[in-house]
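Derivation of every value follows stated rules applied to the coordinates shown; laboratory data play no part. Remember, predicted model here, so these are calculated numbers, not experimental data. Here the Cβ is made from the backbone with ideal geometry for all residues, glycine too, and neighbour counts use every protein chain on show.
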There are 2 protein chains.
Amino acid sequence: MTTVLDIARLAGVSSATVSRVLNGNAGVKADARDRVLAAALETGYRPNRMAQSLRRGRSNTLALLVGDIEQNLYSSLTKHLQASVAEIGLDVLLYNLDHSPERLKSFLALAPALGLRGVVLATSDRIGPEFDPQLADLQARGLTLLSMIQRLDLRGVPSIVHEEFAATREAVSYLLGTGRAPVMYVGRISTSDLGAERYRGYRAALAEAGEPLRRELVQDVRFSYEAGYEAVTRALDAGLCFGSVQAGSDVIALGAVAALADRGRRVPEDVAVIGFGNANWTAFTRPALTTLSVHHEAAAMAARSAFAAAEAGRDVPPLVTIARSLIRRRSA
Amino acid sequence: MTTVLDIARLAGVSSATVSRVLNGNAGVKADARDRVLAAALETGYRPNRMAQSLRRGRSNTLALLVGDIEQNLYSSLTKHLQASVAEIGLDVLLYNLDHSPERLKSFLALAPALGLRGVVLATSDRIGPEFDPQLADLQARGLTLLSMIQRLDLRGVPSIVHEEFAATREAVSYLLGTGRAPVMYVGRISTSDLGAERYRGYRAALAEAGEPLRRELVQDVRFSYEAGYEAVTRALDAGLCFGSVQAGSDVIALGAVAALADRGRRVPEDVAVIGFGNANWTAFTRPALTTLSVHHEAAAMAARSAFAAAEAGRDVPPLVTIARSLIRRRSA
DNA sequence: CTGAAAGCGCTTACAG
DNA sequence: CTGAAAGCGCTTACAG
């Protein structure tokens, strides 16, 4: 492996000058610079990242903590984020939390020793205040923290999130406006702040339309196919009557549609269903799923911009909120 | 941040002894060891990874290169692999190739400077022999290479793959045995070795059953919903007659099912469809998708074992092949 | 069994 | 504008 010393020898300068040239520092005479550049090009020299990181006190690496990479929400975010930060020279270390607070805890214990440039928190599971000291400690060490699914801005972590409340309210209002009352709500509420926001939107739409809130039509379940399937099956078997389902996620919606089909209900003729998140397969199920949009590319751009700003010592906006829109397909 | 010197001071020994204790090296007296361990525990000491990596000449990091993390095949593999190698202390740096050979090229140019422990290649896109010199170079530097989707064992890269030929043959034989001829094949063939293997299985099943190969029923398309939808729509609009579709992937199958539904064909009554890969949503579409299994957990275990073996200087098996089975659901 | 010393490959005050 | 030197925090021959 060629080192900075090899380049220095080839160019007839010191390693300090090589470093200055390669790091774009001012104050190197043109001919010295040219000789260094030529030598670097000729040898295909790449600075040893481990040495750079040790010396600079931090690496070019971002840790990305996702709820469950197997869910489209997270894999799509990961894809765009990786592409986006690669443009400013950052690598992504992926930690799959698998919805386990233990894994978050063990990551945070390790994180300070990793020399990370930053950490992106991307999980819908509530990150409780018990983690605040460790998060603050990381920030104190100069890491840039970012939360990309749930809001943590009020606890000092800049957040880039999607709007949940108004989006759900719009979807449920749409269902009510098309004569689909009563509306069942199936989604995570209790252990997810964004889930709670969505549920709040559901209730607001009901209230605006003068519809009563029926507890038996509210199912607080995990974000999974199975949960959607089981909740709706149970409701049908209990003889509950409803004209539509607002799901807290697309996978819940798919489970709901399957449950309805298996009990002989037609979607959307008998029961309308709206998902949440516009997962990549939602346009290809039959009926195609009506759902609420997501804008990972925009979020990834905002994240890149936040890291660039932090790097340059500029302020990072405490909160960026991305609106969603209703994507009307066939299921509602 | 506490360093090895702090621990040494606290324990009343030298930094060399601290290092020996922490790395499990033999030959440290019990009382010295205990004092070091106590000091480390008390301070919550974690060795600086950047310094360790520089000194040892390599990090604890594996690069994982995937075709497209947004596809369930890759996200599921990523999930299991990350969990699996975490158990032996390895982190995963994720590179999303997005099916671009350019990205692979630029990664390989950078890789030697990264101090990686290993590289996992996980893409269905053919990695041509033009990359062999760089791959060999990485191996010569002591990196452990592993290919987890396509076979590269004949080119010196240990591979952990799923069986493709017999699996497809079994699925297509099943279609023929249930009176579903002629069978259309929709999947990637030309730029993917594993796709070609699947297609070979299709042809073998046809030959065994004495069925003719009809070129117009073979569609060489990308692994995408759109491709499946368009290929089947085109076939129907051209008036082609077929009793079933063997898809080269689950997303192609979902596109095919949608195309059939949109043209008024019932699945499986009019046309049977078999997917490939048992993506996490396949049990929840209606009709539920009959498909061929995948065993990411087994593959991830094999990968962990390979890295552990390489670490210990033991031989890594050149090829591990994992069989698939037909998962019968509703669509065929 | 243990410590002093060297060194991994960089970057950056410091001095000129 | 440039070089000699120090040092980031480890690990490991080397010597005892």
_residue B:181 paired with residue B:6, simple spin-label distance in nm, labels 7 Å along Cα-to-beta-carbon_ = 7.6
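What does the C-alpha gyration tensor say about the overall shape of the range A:1-115? Classify as rounded when a/c is under 1.5, otherwise prolate if a/b is larger than b/c, or oblate.
Details: a/c = 3.69, a/b = 2.51, b/c = 1.47.
It is prolate, given that a/c is not under 1.5 and a/b is the larger ratio.
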_Projected area, mean over directions - the range B:4-47, Cα convex hull, nm²_ = 2.5
*Most mobile of A:59, A:124, A:14 per a Gaussian network model of chain A (Cα springs, under 10 Å)?*
A:14
_Sum of -39500 (n - 2.57) over DSSP H runs of 4+, divided by residues of chain A (222 nm, nearest 500)_ = -13500 deg cm²/dmol
_Column: log10 I(q)/I(0), Debye, Cα scatterers of chain A, q = 0.08, 0.11, 0.13 Å⁻¹_ = -0.48, -0.76, -0.94
*In nm, give the distance between the simple-model label positions of residue A:314 and residue A:155, each being 7 Å from the Cα along the Cα-to-Cβ direction.*
2.9
*Count neighbours as other Cβ atoms within 10 Å of each site's Cβ, and list the trypsin sites (Lys or Arg not before Pro) in the range A:191-244 that are DSSP loop with at most 16 such neighbours.*
A:214
*Shortest-first nm distances, residue B:216 label point to equivalent points in other copies (7 Å, Cα→Cβ)*: 5.8
*Have a look at B:129, B:182, B:114 and report the one farthest towards the positive end of the charge dipole of chain B, computed about the Cα centre with Cβ charges (Lys/Arg +1, Asp/Glu -1).*
B:114
_Pairwise centroid distance, computed over Cα atoms, of the range B:47-93 with the range A:13-82, Å_ = 19
_Amide hydrogen neighbours beyond the local backbone of residue A:147, cut-off 5 Å, H modeled_ = A:121, A:159, A:160
_Under 10 Å, Cα contacts only: if you run a Gaussian network model on chain A, which one of A:156, A:118, A:12 comes out with the highest mean-square fluctuation?_
A:12
*Diagonalise the Cα gyration tensor of the range A:264-332 and give the resulting equivalent ellipsoid semi-axes, square root of 5 times each eigenvalue, largest first, whole Å.*
38, 10, 6
*For the range A:165-292, what Kirkwood radius comes out of the mean inverse Cα-Cα distance, in Å?*
13.9
*Over the Cα atoms of the protein assembly as shown, what is the Rg over Rh ratio if Rh follows Kirkwood?*
1.01
*Which distances, shortest first and in nm, link residue B:100 to the matching position in the other copies, using label points set 7 Å out along Cα to C-beta?*
3.4
*Dipole of chain B, Cα-centred, from +1 at each Lys and Arg C-beta and -1 at each Asp and Glu C-beta, to the nearest 20 debye?*
620
*Between residue B:105 and residue A:31, with labels modelled 7 Å along Cα→Cβ, what's the label distance in nm to one decimal, could you check?*
3.6
*Along Cα→Cβ at 7 Å, what distances in nm separate the residue A:139 label point from those on the other copies, shortest first?*
4.9
*Among B:236, B:154, B:94, whose mean-square fluctuation peaks in a Gaussian network model of chain B (Cα, cutoff 10 Å)?*
B:154
*asked:* Give the average, rounded to an integer, of partner chain Cβ atoms located within 10 angstrom of each Cβ in A:249-262.
replied: 2
